[in-house]
Structure formats: structure tokens, C-alpha cells
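Notes for the one structure printed next.
The values are calculated or read from the model by the stated rules, or taken from the named source; none is laboratory data. All values derive from a computational prediction rather than experimental measurement. Using ideal geometry, Cβ is built from the backbone for each residue, glycine included, and neighbour counts are taken over all protein chains shown. Note: accessible area is taken over every heavy atom of the protein model, side chains too, but ligands, DNA and RNA are not part of it. Shrake-Rupley method; radii C 1.70, N 1.55, O 1.52, S 1.80 Å.
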Amino acid sequence: MNRFALHLAALAITLASTGPLRAEDDLPIRNCTFCHGVSGQGFMVAPRIAGQRPQYIENQLKSFMAHVRDNPYARKYMHNASANLTPDLITGFSQYFAAQAPRPADDGDKALVATGRDIFENGIPSQNVVACVVCHGPNAEGVRHIPRLGGLSYIYVKRQLDQWNEGYRQAAHPMPKVAKFLSPQEIDALASYLSYVE
Ligand code: HEC
Ligand code: HEC
């Protein structure tokens, strides 16, 4: 048995015998926090996954496994990191990280926050940019499968918006169509604003 199968066997026994899942003991979360940082708060190029919507985490893990999410860091890191996941591990990790309290990265350009907030809340009607708030929620907290954006790092959000315009991650409906109307300056402003949202 490989280590994932062993962990899964332990998980099934724990669920049957003690009720609530004690993730620290039973889920191999170090396989994730090794890159994503303590309790999934993000580290270097690995984004914060703490406090993310569970359905969104689940969808992304399936998308990495199927090699559908194809942007460079996804290919380099997550295709391997997701290769041996089982349905139970996907559910377990999604619920575990969704339940961790997220901390904002606070690393954007403060001078661009007001502009970013204005685009987030109102869009730019003259340029066909839709208001992000419509889907991502008033506090960028996300809903159902739509991700929380508030507090994600500047560099991560900027990279995703840039990469939609470079032709990657095209299955992430509707984002490729949203991103194509944003200028580099507007992407900078949005990513700056979002990094400070709690
Ligand atoms: C070797 C480093 C590494 C490991 C191990 C790793 N990740 Fe990742 N993960 C990354 C990087 C880097 C990205 C960013 C990919 C990108 O830029 O699109 C990422 C992205 C993600 C995303 C997408 C987040 C979003 O906001 O779209 C999720 C979800 C995720 N990882 C979950 C996990 C889980 C769960 C594990 C443990 C099974 C794990 N990762 C293990 C490096 C890693
Ligand atoms: C019509 C709904 C809708 C609108 C409007 C919208 N989004 Fe999204 N957004 C989504 C969905 C759904 C996803 C998840 C896509 C996927 O499956 O990967 C997403 C994903 C994202 C992500 C990726 C997050 C991550 O963790 O990788 C970013 C960044 C993002 N949106 C930014 C924005 C910004 C900025 C705006 C406004 C300019 C915006 N979105 C407008 C629905 C929307």
C-alpha cells in the first residue's frame, strides 16, 4: 500500500469509530502545507488556500488531476501534488482548508487600492468590464463554487488574471472572458485592493 492508501485506511477507521475527523492526525495535510504554508496561509508561489470555498478547492483539485488547469505553476507543482488523490482525500482536504481562518496577504500597492476597489464594485462599463462583486460577493468572500478573493496575495491574483490573457486556464469559466477587458494597470489595481480585503 502506498502512503495515501494507508492514510485513507486510517481515515476510514477514524470516521467509523470516533465521529468527527481530526484532520491533523488523519489527513496527510503536511503534503500540502509543505508548500502552502502553515494552515494553508500561502507561501511564496503557493497561494493561500485557508478559508477558500470548499467546492472551489474541490473543483481545482479535480482540475489539476485531470491536467485541465494548465498554467505553468499548476503544471510544475499541482499536477504532481494531486496525482494520487482519492475522492475521500479531496473532500477531506477541501473541508480542512476551507475551515482554517484566512489571513490577508496585505502585500499590494496601497496607492492603487481605491482604484481597485472601484473596479471591483462597479466594473468599467465603457470597457465591458463587469463588476466582480456580482459573483465574488461584496467582501470578495465568494459563494458556492465561486472563490474567495479577499486577502489573496497580490502576485497570485495578478498572475491568474495575466495568465488568462496568455491563453492558460481557459476552462475557468467565465474568467477568461472577464480578464480580457482589463489593462495591466487595472489588473495591478484589482490585485492590490484584494490583497488587503479581510
Ligand atoms: C510542491 C508544492 C505544492 C504542493 C506539495 C501542493 N501545492 Fe497546491 N499549489 C502549489 C502552487 C505553486 C499553486 C499555484 C498554481 C498556480 O499558480 O496556478 C497551487 C495551487 C493550489 C490550489 C488552487 C488555489 C486557488 O486559489 O485556485 C489548490 C486548491 C491547492 N493548490 C491545493 C493543494 C492541496 C490540497 C495540496 C495537498 C494535497 C497541495 N495543494 C499541495 C504548490 C503546491
Ligand atoms: C459571472 C461571475 C464572475 C464575475 C463577474 C467575475 N468572476 Fe472571477 N471567478 C468566477 C468563477 C466561477 C471563478 C472560478 C473559475 C474556476 O472554476 O476556476 C472565478 C475565479 C476568479 C479568480 C481565480 C481565483 C483563484 O484563487 O485562483 C480570480 C483572480 C478572479 N476570479 C477575479 C475576478 C475579478 C478581478 C473580477 C472582476 C473584474 C471577476 N473575477 C469577475 C466568477 C466570476
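General remarks:
- Complete set of residues in the range 80-130 that are among the small types (Gly, Ala, Ser), assigned to a helix (DSSP H, G or I) and within 12 Å of ligand 2 (Cβ to nearest atom): GLY116
- Condition met for TYR168 (open to solvent by 60 Å² or more (accessible area, probe 1.4 Å) and within 20 Å of ALA46 (Cβ to Cβ)): yes
- Residue list for the range 131-144, filter: part of a helix (DSSP H, G or I) and either surrounded by 19 or more Cβ atoms within 10 Å (Cβ to Cβ) or of a type outside the set (A, V, I, L, M) (or both): CYS135, HIS136
- Only one of ASN128, ASN122 that is free of Cβ contacts under 8 Å to residues at least 12 places away in the same chain and open to solvent by 70 Å² or more (accessible area, probe 1.4 Å): ASN122
- Every pair of residues 6+ apart whose Cβ atoms lie under 8 Å, when the first sits in the range 43-55 and is in contact (Cβ under 8 Å) with a residue 24 or more places away in the chain and more than 11 Å from CYS32 (Cα to Cα) while the second is among the small types (Gly, Ala, Ser) and in a strand (DSSP E or B): none
- When the range 159-186 is filtered for residues that are among the aromatic types (Phe, Trp, Tyr) and without any contact (Cβ under 8 Å) to a residue 24 or more places away in the chain, only TRP164 remains.
- The sole residue among ALA114, ALA99 that is among the hydrophobic types (A, V, I, L, M, F, W, C), more than 16 Å from ligand 1 (Cβ to nearest atom) and either open to solvent by 40 Å² or more (accessible area, probe 1.4 Å) or in the same structural domain as GLY37 (by TED's automatic domain parsing) (or both) is ALA114.
- Filtered by the rule that a residue be open to solvent by 70 Å² or more (accessible area, probe 1.4 Å) and within 16 Å of CYS35 (Cβ to Cβ), the range 78-96 gives ASN80, ASN84.
- Flag if SER192 is within 16 Å of ASP106 (Cα to Cα) and open to solvent by less than 20 Å² (accessible area, probe 1.4 Å): yes
- Of the residues contained in the range 151-162, none is found to be touching a Phe, Trp or Tyr at 6+ places or on another chain (Cβ under 7 Å), modelled with pLDDT of 95 or more and farther than 18 Å from ASN59 by Cα.
- Evaluation of PRO147 against (1) open to solvent by less than 40 Å² (accessible area, probe 1.4 Å); (2) over 16 Å from the mean Cα position of the chain (by Cα); (3) assigned by TED's automatic domain parsing to the domain that holds GLU186 (one fails), failing number: (2)
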